[in-house]
Amino acid sequence: MSDQSSEIIPTLNHVIGQSRAVAVLRTAIDAYFHDRSKSPEETAFPHLLLTGPAGTGKTLLSEIVARECASTLHTELAQNIKTPEHVHGSLMMAEPGDMLFYDEVHELPSAAQVTLYRALEERKLFLGKKHVVNLPSFCLIGATTEEHLLSRSMRERFRIHLRLTHYSDEDMLLLIRQRARRLGWPIEDEAVGQLATKSRGTPRLAVRLLESARRTASAEQADLITAAHVQKMCEIEQIDSLGLDAIEQRYLQILREGEGPVRLNVIATQMGLPRQSIEMFESDFIRLGLISKSEKGRMLTAKGFEHLAATTE
């Protein structure tokens, strides 16, 4: 669902997957219009927090909510908000009924979070001892992959909290077909199935793999994306049967070569990557049952050994 433009999915009715989140948002939008019809003043959508793994549609849902509410959406990357003054600047852009989207909102410094949730609570900005700015009615949408890093006070200011999840295999099949159809890319059913299997329940990865398969087909002057094109794409990009790239495969190989649990700093040193980069894809390995984690380190599971054995045959 993620990384698909407004031309690809224009409304909630076109969203595949995340059925609970879609149902909650549809109800909230209907309630918003009902309440707005009865109020002489401009009202705003409730403050919304979207949490969940990367690539599962947080940004897209935010864009759709703004579009369906006919609201202007202002987007900020939270890591660029360093001080309370930066918060002041972004909030002062808001007009009545606008939506302000903070991506990776957990990266806001503590002082900026305090300024933001105080503004949400009181709809005022305190710029000095005597300078107070009244804010219009607006909606804050926060998106985060690290919900636990938000302060409790910040989390409690959001009126709607939706936790997005990875997609089922059936949803991935539907999503890839929808994406290909809307882009006008003919694709074999077998190719769709292969891409869905390698996408690991993550729409963003599915879209990237579909685009790679399309390039492979185009390079051979073919309009139809076939299973053979998917296979060739995987060979070129060194992607295995679970959609793991060469770096991710190297991680598993390091665990196989280790005698017992391997600590994260050892893995990072051998791979030449920062710990944070490795932790990003470890969650997929755990979800797929390939590794286990303990205080002593990381270890391959039986399924992890089986996967490596199958991919090195």
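Restricting the count to DSSP beta bridges whose residues both fall in the chain, what percent are antiparallel, rounded to a multiple of 5?
Here the share of antiparallel DSSP bridges comes out near 30 percent.
Just want to confirm a number: the relative contact order over segment 131-220, from Cα pairs under 8 angstrom separated by 6+ residues, in percent.
26 percent
Tell me the mean residue ellipticity at 222 nm calculated for the chain from its helices only (DSSP H runs of n ≥ 4, each -39500 (n - 2.57), averaged over every residue, nearest 500).
-15000 deg cm²/dmol
Using alpha carbons only, what's the Rg to Rh ratio of segment 220-301 with Rh from Kirkwood? Mind dumping the intermediate values first?
Working: Rg = 15.5 Å, Rh = 14.1 Å.
Rounded to two decimals, Rg over Rh is 1.10.
Under the definition of Cα pairs under 8 Å and six or more residues apart, what whole-number percent is the relative contact order of the chain?
16 percent
How would you order 180-192, 239-251 from highest to lowest mean count of nearby Cβ atoms within 10 Å?
239-251, 180-192
Given segment 91-188, what percent of its DSSP beta bridges are antiparallel, to the nearest 5? It would help to have the intermediate numbers written out before the result.
On the way: 3 of 8 bridges.
Antiparallel bridges make up about 40 percent of those DSSP assigns within segment 91-188.
Considering only protein heavy atoms, what per residue accessible area in square angstrom results for the chain with a 1.4 angstrom probe?
50 Å²
Once the piece of chain linking LYS232 and GLN270 is laid out straight, how much longer is it, given 0.36 nm per residue of separation minus the C-alpha distance between them?
On the way: separation 38, 0.36 × 38 = 13.68 nm, distance 2.92 nm.
Residue separation times 0.36 nm, minus the Cα-Cα distance, leaves 10.8 nm.
Could you tell me what a quarter of the Cα convex hull surface of the chain works out to, in nm² with one decimal place?
Computing the convex hull of the Cα atoms and averaging its projections yields 19.0 nm².
Do any GluC sites (Glu not before Pro) in segment 133-172 lie in a loop, going by DSSP, with at most 13 other beta-carbon atoms within 10 Å of their beta carbon, and if so which?
Within segment 133-172, the qualifying GluC sites (Glu not before Pro) (loop, at most 13 other Cβ atoms within 10 Å) are GLU146.
Which whole number of Å³ per residue matches the convex hull of the alpha-carbon atoms in segment 161-313? Before the final figure, lay out each step's value.
Working: hull volume 20.7 nm³, N = 153.
Spelled out: Cα convex hull of segment 161-313, divided by residues, is 135 Å³.
Quick check for you: which residues of segment 126-165 have the amide N under 19 Å from the point 7 Å beyond the Cα of GLU95 toward its beta carbon?
Hits in segment 126-165 for GLU95 at 19 Å: 134-141.
How large a share of the accessible area of segment 110-262, in percent, is made up of carbon and sulfur atoms when the probe is 1.4 Å and the other protein chains stay in place?
Carbon-and-sulfur percentage of accessible area, whole number: 46.
Please build a GNM for the chain, connecting alpha carbons under 10 Å apart, and tell me which residue among GLU257, GLU104, GLU282 fluctuates the most.
Ranking GLU257, GLU104, GLU282 by mean-square fluctuation puts GLU257 first.
Can you give the percent of C-alpha pairs in segment 63-193 whose distance is more than 20 Å?
55 percent
Placing +1 on the Cβ of each Lys and Arg and -1 on the Cβ of each Asp and Glu in segment 224-313, which of HIS307, CYS234, SER294 has its Cα farthest towards the positive end of the resulting dipole?
SER294
The values are calculated or read from the model by the stated rules, or taken from the named source; none is laboratory data. All figures in this text were calculated on a predicted structure; none of them were measured in a lab. Virtual Cβ from ideal backbone geometry, glycine too; neighbours counted across all protein chains shown. All accessible areas refer to the heavy atoms of the entire protein, side chains included, with ligands and DNA or RNA removed. Shrake-Rupley method; radii C 1.70, N 1.55, O 1.52, S 1.80 Å.
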